[in-house]
1. Got a sec? Charge dipole of the stretch 1-147, +1 on Cβ for Lys and Arg, -1 for Asp and Glu; which of Ile87, Asn62, Ala146 is way out at the positive end?
2. Viscosity 1.306 mPa s, temperature 10 °C: what is the translational diffusion coefficient of the stretch 100-231 from Stokes-Einstein with a Kirkwood Rh over Cα pairs, rounded to a whole number of µm²/s?
3. Heavy-atom accessible area per residue, the stretch 1-84, 1.4 Å probe: how many Å²?
4. Show the residues, 5+ positions off or on another chain, whose built amide H is closer than 5 Å to the amide H of Ser291.
5. Taking only C-alpha pairs under 8 Å that are 6+ residues apart, what is the relative contact order of the stretch 272-332 in percent?
6. What number does the stretch 127-198 give for Rg over Rh if you use C-alpha atoms and the Kirkwood radius?
7. Using just the helices of the chain, give the 222 nm mean residue ellipticity in deg cm²/dmol: DSSP H runs with n ≥ 4 each add -39,500 (n - 2.57), and the total is spread over all residues, rounded to 500.
8. Can you send over the carbon and sulfur percentage of the accessible area for the chain, probe radius 1.4 Å, protein chains only?
Amino acid sequence: MANKMTPKNSLKNIFQQLHLYIGLLFSLIFLIVCISGMLLSFEKELTPLLWPKEQRVAVLENRLPVDVIVSGAKNIFPDKRLFRLEIPADPSRSYRVQYGSKKEKYWYAYINPYTGEVLSKGPQAERFFQKVLDIHRFLLMDKIGATLTGISALATLFLAISGIYLWWPKNKQLLKQRLKVGMSASMKRKVWDFHAVGGFYAALFLLIFTLTGLTWSSDWYNKQFFRLFGADNKTKKEKVKNPVSELAVGFSPFETMYQQISTLYPAPGNILMTFPEQEHIAFSLTKESFSGGLLQINQAYFDSRSGKLIKGNPMNKLPLAEQMRKMVKPIHVGSVFGLPSKIVMFLAASLAATLPITGLWIWLNKRNKKMVRPRKKRRPRDRAVSLNLP
């Protein structure tokens, strides 16, 4: 009589089947998202290497005032709204100007900060890394693609958790085997080890990728995620207004704002100057720098007419939920500790990208083995005795 399956073995069998078929169903999307994410994590490092003519400039003694840069930028696309100016900390890098809004298509221009020369310009959608981002988030299918990547992220979350459950050893002796790949074993065993052991090491990072990535896929998840850190659903994005004054200042305030935020947050870093949609709204300037190896995203608001500082908004003074809003993208792409954490995340994503390949190999190997396995022939009953009969 066959042994009855214990509840524990029954549950493990269910998880094995779900892990297998969910993995097969979403393997291609998972692989695409992993590879595109690996590229995006090093966008800032790869861009000046791939397009040096628009990214690199000869460093001269004096750069142009920011006011001159802004004035020239307005003339590049006079019919489009100036959205953001990015001023890199590296003096050999060009300035990047962004035009448009979320409702419209974005456009860009790269400007030499020493000569004012326009190095390149065009629609943002045609940029290589923008296309990679569209693949990563939408699979080039807009809302349908966003839904698919969102479901795929949930599937990945389940695969990471179920993978740890299936990997978990019964005793300490097995634990040693489950933490390394048996290089002297057969090819079949090596692939299985690589999938199981690699999946275990990648699981923690997959949890980070999915839990942060889902904030862009679902409004409901976004609200609940930040609610865990104390965010209120009624909280809206802060819009600081200019001080009430009838006297307009007759000079351009951009260089003044740039100098003030550099003094307010002296650590070297990139500065983002965001232009308000309405005249009565203050300018928002953000400085991204590292303090003790950790990324700091500090902000300040300035009067858009005079350039006078209205209020500083240092990251360490913000509520936890607001700090998390600023950090969720750096955590997702691995830039929270700079280049070292990017390398770690890149290696983790590379390891994760092998899982659908090794998982498919294991499944096909088992499937083919079952198909070619010969059926056992039944031996006639008492055949040896019958041969001795007269």
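The values are calculated or read from the model by the stated rules, or taken from the named source; none is laboratory data. Computed from a predicted model, the values in this text were never measured in an experiment. Cβ placement follows ideal geometry from the backbone for every residue including glycine, while neighbour counts extend to all protein chains displayed. Surface accessibility is based on the protein's heavy atoms, side chains included, excluding ligands, DNA and RNA. Shrake-Rupley method; radii C 1.70, N 1.55, O 1.52, S 1.80 Å.
1. Ala146
2. Rounded to a whole number, D works out at 85 µm²/s.
3. 67 Å²
4. When sequence neighbours closer than 5 places are left aside, the close amide H contacts are Gln296.
5. 21 percent
6. That ratio equals 1.21.
7. Estimated from H runs of four or more residues: -17000 deg cm²/dmol.
8. The value for the chain is 61 percent carbon and sulfur by accessible area.
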